[in-house]
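To keep things clear, I will list the structure first and then write my remarks on it.
The values are calculated or read from the model by the stated rules, or taken from the named source; none is laboratory data. Everything numeric in this text was worked out from a predicted model, so none of it was measured. Counting neighbours? That spans all protein chains shown, and the Cβs are built from the backbone with ideal geometry, glycine included. Areas reflect the complete protein model, heavy atoms only, side chains present, ligands, DNA and RNA absent. Shrake-Rupley method; radii C 1.70, N 1.55, O 1.52, S 1.80 Å.
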Amino acid sequence: MGNETSSAKRVVKIHTLPNPDAKPSRGHVTWIEPRLLQNEYEDESLSRPYHCDAVSHRGVDAIGFLPYWQQQDGQWWVFLVRCFRPAQTARPVPIDPPFVVEIIAGVMEEGEQGEQGIRRRTVAEALEEGGFVLSEDRVQPLGPSFLTSPGVYTEMIHLTCAEVNMAERTTPTMDGSVMEELQEGLSLSLAEALSWCNRGDIFDAKTELALRRLNDKLNPPQGSDPTHGRFTAD
């Protein structure tokens with residue numbers, strides 16, 4: 001990281017204070033924990049108490065998976081999904097119709113941790129949403145894991161990819177939910193997918209990041225850092 005020039009105080013501990021008015025809310029896959037916090041600084045001074053809601057996922061983290069293959073003309077193609085996202089109708093200006101083009105993704109289940117858990121969840125989601133039968137050793141990391149909305153959301157996403165043979169693709173098993181019943185698979189060139197990002201037709205952050213990382217992986221810029229080849233999960 002660069003030279004630090006900030007004059008901000010250094011936090012040595014964050015205290016969780018009693019918050020009798022807090023009402024944690026648990027949904028089907030997420031829960032909200034209203035917290036009252038207070039910072040302790042290096043000079044032993046304390047901040048004013050402040051509120052900070054934490055939104056957590058049932059499985060804490062998630063994977064995002066991008067299948068790719070090379071056509072006979074040498075072009076790289078990718079498989080995406082057009083997902084039904086009714087939550088976006090709750091926006092002040094709703095996304096209508098509520099469909100978003102994304103990579104295959106899924107929440108990590110209990111017991112799925114570290115590199116092995118990422119590989120296992122990728123294999124499961126690849127079959128469920130894409131119809132791709134993979135072994136865990138075919139799953140490749142696609143750069144460092146990242147936070148999605150660090151101000152409130154604890155979820156970290158682990159991106160993966162695998163080269164696939166479309167002739168071997170089967171029918172996606174799906175999870176039986178209404179949302180996945182409306183999901184559609186999309187095959188398009190990597191170049192076209194990147195142009196969709198540039199035009200704003202793809203506006204899901206994990207998807208754009210995965211596409212750009214895959215492009216760097218397949219067409220490495222001169223002097224690039226080969227971090228796409230390592231898993232970085234805890």
(message) For segment 23-42, give me the residue count where each residue is open to solvent by less than 100 Å² (accessible area, probe 1.4 Å), under 17 Å from VAL11 (Cα atoms) and charged (D, E, K, R).
(response) 1
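So that you can scan it fast, the table gives a plain yes or no per residue for (1) out of contact with any Ser or Thr (no Cβ under 9 Å at 6 or more places or on another chain); (2) modelled with pLDDT of 90 or more; (3) in a helix (DSSP H, G or I):
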| site | (1), (2), (3) |
| --- | --- |
| THR170 | yes, yes, no |
| THR173 | yes, yes, no |
| ALA193 | no, yes, yes |
| GLY223 | yes, no, no |
(request) Please work out which residue is most open to solvent (accessible area, probe 1.4 Å), limiting yourself to segment 50-61 and to residues that are in a loop (DSSP other than H, G, I, E, B) and not aliphatic (A, V, I, L, M). (result) ARG58
(request) Answer yes or no: is there a residue in segment 153-171 that is touching a helix residue (DSSP H, G or I) at 6+ places or on another chain (Cβ under 6 Å) and on the phi > 0 side of the Ramachandran plot. (result) no
(message) So for segment 21-32 (the condition being at pLDDT 95 or above and closer than 22 Å to VAL178 by Cβ), does at least one residue qualify?
(response) no
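Restrict the check to segment 129-143 and report whether at least one residue is within 25 Å of ALA87 (Cα to Cα) and within 19 Å of the chain's Cα centre (by Cα).
Quick first cut of segment 129-143, residues within 25 Å of ALA87 (Cα to Cα) only: 129-130.
Among the residues that remain, those that are also within 19 Å of the chain's Cα centre (by Cα) are: 129-130.
Yes, segment 129-143 contains a residue that is within 25 Å of ALA87 (Cα to Cα) and within 19 Å of the chain's Cα centre (by Cα).
Quick one: in segment 145-187, of everything that is of a type in the set (Asp, Glu) and open to solvent by 60 Å² or more (accessible area, probe 1.4 Å), which residue is farthest from the chain's Cα centre (by Cα)?
Filtering first and then ranking leaves GLU168.
Please find, within segment 90-119, the residue that is farthest from LYS217 (Cα to Cα) out of those that are touching an Asp or Glu at 6+ places or on another chain (Cβ under 9 Å) and of a type in the set (Asp, Glu).
The initial filter retains those residues of segment 90-119 that are touching an Asp or Glu at 6+ places or on another chain (Cβ under 9 Å), namely 99-108, 112-114, 116-119.
Retained after the next criterion (residues that are of a type in the set (Asp, Glu)): 102, 112.
On the way: GLU102: 19, GLU112: 26 Å.
That would be GLU112.
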(message) Among the numbered criteria (1) surrounded by 11 or more Cβ atoms within 10 Å (Cβ to Cβ); (2) under 26 Å from LEU211 (Cβ atoms), which one does SER47 miss?
(response) (2)
(request) Looking at (1) assigned to a strand (DSSP E or B); (2) at pLDDT below 95, find the lone condition where GLY64 falls short. (result) (2)
(request) Take segment 120-144 and flag every residue that is open to solvent by 30 Å² or more (accessible area, probe 1.4 Å) and either under 24 Å from ASN219 (Cα atoms) or among the aromatic types (Phe, Trp, Tyr) (or both). (result) ASP137, ARG138, GLN140, PRO144
(message) I need every pair where a residue in segment 175-195 that is without any contact (Cβ under 8 Å) to a residue 60 or more places away in the chain has its Cβ under 8 Å from the Cβ of a residue that is polar (S, T, N, Q), sequence separation at least 6 or different chains.
(response) LEU194/ASN215
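Filter segment 196-205 down to the residues that are without any contact (Cβ under 8 Å) to a residue 12 or more places away in the chain, of a type outside the set (Lys, Arg) and open to solvent by 70 Å² or more (accessible area, probe 1.4 Å) and list them by number. Outline the logic, then answer.
Our first condition is that a residue be without any contact (Cβ under 8 Å) to a residue 12 or more places away in the chain; within segment 196-205, this holds for 198-200.
Of the ones still in play, those that are also of a type outside the set (Lys, Arg) are 198, 200.
The answer is ASN198, and nothing else.
Could you pull out the residue among GLY111, GLY131 that is small (Gly, Ala, Ser) and modelled with pLDDT of 95 or more?
Values: GLY111 fails: modelled with pLDDT of 95 or more.
Among GLY111, GLY131, only GLY131 is small (Gly, Ala, Ser) and modelled with pLDDT of 95 or more.
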